[in-house]
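What follows is a short report on a single structure.
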């Protein structure tokens, strides 16, 4: 148990002290962004559950299927619930890739400003993605959602590429 609180141990991988936003309006770090991404992924589910009075927590995976039988909910609300659950699923499907990119950036030693800018932009893209997904009722909005999705994934791959470039340079300097 004492090793868990060993103050001589280096915890620098878990801390980045540069603010995400200039003027220190708030100071999220790139590792704070992983729980933030989880929260952004979870919120559409909470919203969907709030739209229905009959969410069954004993069997949550049957929730969307049971909506078709529930006549107390109008079709527009059902559609919004289904889209909210889709947004939640998509968020969790992308969370692992995002977290791996954040770890890769820290292992590579990317500058804090780069990490915080890219992770903050990713979170913003996910918030926008969720909003468009949940409120989408047109083909144009669906296409915009696709553009926002690809942009967010592009930010994640930018982290991987920048990390790989830094690590390649470090490896070249070892030879």
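Before we move on, is residue 123 under 17 Å from residue 34 (Cα atoms) and in contact with a helix residue (DSSP H, G or I) (Cβ under 8 Å, 6 or more places away or on another chain)? Yes: the conditions hold for residue 123. For the range 51-76, filtered to residues that are within 21 Å of residue 40 (Cα to Cα) and surrounded by 10 or more Cβ atoms within 10 Å (Cβ to Cβ), the residue that is modelled with the highest pLDDT is 51.
For every residue, the table says whether it meets (1) farther than 29 Å from residue 82 by Cβ; (2) assigned to a helix (DSSP H, G or I); (3) in contact (Cβ under 8 Å) with a residue 24 or more places away in the chain.
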| position | (1), (2), (3) |
| --- | --- |
| 110 | yes, no, yes |
| 120 | yes, yes, yes |
| 123 | no, yes, yes |
| 129 | no, yes, yes |
| 142 | no, yes, no |
| 146 | no, yes, no |
| 153 | no, yes, yes |
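Within the range 155-175, the set of residues being more than 27 Å from residue 32 (Cβ to Cβ) and part of a helix (DSSP H, G or I) comprises 168, 169, 171, 172, 173, 174.
Listed conditions (1) in contact (Cβ under 8 Å) with a residue 24 or more places away in the chain; (2) over 18 Å from the mean Cα position of the chain (by Cα); (3) more than 23 Å from residue 81 (Cα to Cα) are all met by residue 161, apart from (1).
The values are calculated or read from the model by the stated rules, or taken from the named source; none is laboratory data. Quick caveat, the model's predicted, so the values are computed rather than measured. No Cβ is skipped: glycine too gets one built from the backbone with ideal geometry, and neighbour counts run over all protein chains shown.
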